[in-house]
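Encoded as C-alpha cells, the structure appears first; notes follow it.
The values are calculated or read from the model by the stated rules, or taken from the named source; none is laboratory data. All values derive from a computational prediction rather than experimental measurement. Neighbour counts are summed over all protein chains in view; Cβ atoms, including those assigned to glycine, are modelled from backbone coordinates with ideal geometry.
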Amino acid sequence: MAEADTPNEPILFTARLNNVRPLVNLLRTISFRPRTLCAINQSGMMFSVEDSQCVVAQAYLRPTLFAAFSYNFAAAPNNANAAIAGDSNGNDNDEMETDDVASEITQVSLPLDNLIECLTLFYGPSGSTSHSNQPGPMVSNLSANNPLDLRGATTVQIGYKGEGNDFEMMLEERGTISVCRLATFVPEQPVDLEFSRHPVIQQLTIRSEWLRDAFNELDPTSESVTIGIASTAPYFRIATVGENGSTEMTYSQENQILDAFFCSEEQENRYKLPLILKCRQALALSDKTKIKVNQRGFLTLQFMIPTDVDVSFVDFVFAPLVHADETIS
C-alpha cells in the first residue's frame, strides 16, 4: 500500500490479488444495489447486498483466492462479533459449500459501483473512474519501473485500518500504479431471511448450463416463476405464465442431469421473476448450481464459480410469494 498517514496505526486487513478479474467478476454478480456490506475475518471476505427484503445475494472469497491475506482482529477490538454466513443456510459439508468461519469479524459498507470502477481502472470499458454524479473514489497515479511481465493482469493490494478509515487499493499493471481510496460507511444491520430457521426439505445440484437454458426460456412478461421439486417425475419443474403464454421445463434424474437429489416433502413455490433473474450473471459464470428449499418455501441458489486459483461461491436467497391468507413466521 501507499505510505500510511499514521505509520504506527495498526492495519486491520491487508490482501493482495495477482489478478483482479476474479474479484471483479464476483462483485458484478451482485451489483444490482449501490452499496455492499463487506464482511472480513480470518476465513475470507464476503460481499452482500439485499433488495426489497426479498432477496439477499452474497459473494464469498476464501483466502486461497489471494496471493496474500492478513486479518488482525485485535486491531479493531470494538467490532461486534458476528459470522460470515458461510454456514448459515444449513449447508452440508460437500464440494460446493463454503468453509466454516470464526466468529470475529469486521463489517464495513462500501459503494459497490465505485469499488468496481476502481478495480477496472486499467481495463474498464469507459476508461474513467466514475460514471455518476455521486462523489467518486480518490485516485492518484504513480509510476514505477517493473520488469515483471504481468501479461496484462492488474494486481491489487488492499488495505483497511478499521472504522472511520478509507478502504484503500493500490493497482498495478505493467509498471503503472494507481492508488484509490474509497470512503466507507457505518454498516446497517444486514437483512437476514433466516433460511436455516426451518429445515431443508428439497435439495439438488444441476449443471449450470441446464439451468441457463431454462432461464433463457422463461417468459419475461411473467410476474412470477414457479419452482417445484418432487420425489417422483417430474422431479424438478420450472414454469412461468405471461403475456406470451405458458412455459414449462421439467428435468429428470436420468442421464445425470440432477445430482445429489433430495426431497422429503413435495412442494411448489412461486417467486418474483424479476428478482430471480438478478442471479443470471452468477449463473453465467458458474459450473454447477445447488438448489435448496426449506419448509417455508425460501429458496437458495448457490453458484460454484471456478477461478484460476480456487473456487468461489455466490449465494442468492429468495423469499417466496405468499397469498393474503398465508403468513411466514
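Quick one: what pairs do we get from region 250-261, first residue in the same structural domain as Asp213 (by TED's automatic domain parsing), second among the basic types (Lys, Arg), C-beta under 6 Å, 6+ apart or different chains?
Thr250/Arg237
Conditions (1) surrounded by fewer than 20 Cβ atoms within 10 Å (Cβ to Cβ); (2) in a helix (DSSP H, G or I); (3) modelled with pLDDT under 95, marked per residue:
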| position | (1), (2), (3) |
| --- | --- |
| Gln58 | no, no, no |
| Ala74 | yes, yes, yes |
| Ala80 | yes, no, yes |
| Asp87 | yes, no, yes |
| Asn93 | yes, no, yes |
| Ala102 | yes, no, yes |
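Residues of region 303-313 being surrounded by fewer than 20 Cβ atoms within 10 Å (Cβ to Cβ) and of a type in the set (Ser, Thr, Tyr), which ones?
Thr307
Go through region 203-214 and give me each residue that's touching a Lys or Arg at 6+ places or on another chain (Cβ under 7 Å) and surrounded by fewer than 18 Cβ atoms within 10 Å (Cβ to Cβ).
Arg207 - this is the single residue of region 203-214 that is touching a Lys or Arg at 6+ places or on another chain (Cβ under 7 Å) and surrounded by fewer than 18 Cβ atoms within 10 Å (Cβ to Cβ).
Considering only strands (runs of 3 or more DSSP E) fully contained in region 229-302, which possess at least 2 residues that are surrounded by fewer than 20 Cβ atoms within 10 Å (Cβ to Cβ)? First the steps, then the outcome.
Working: elements: 236-242, 245-251, 258-263, 267-272, 288-294.
Here the list reads 236-242, 245-251, 258-263, 267-272.
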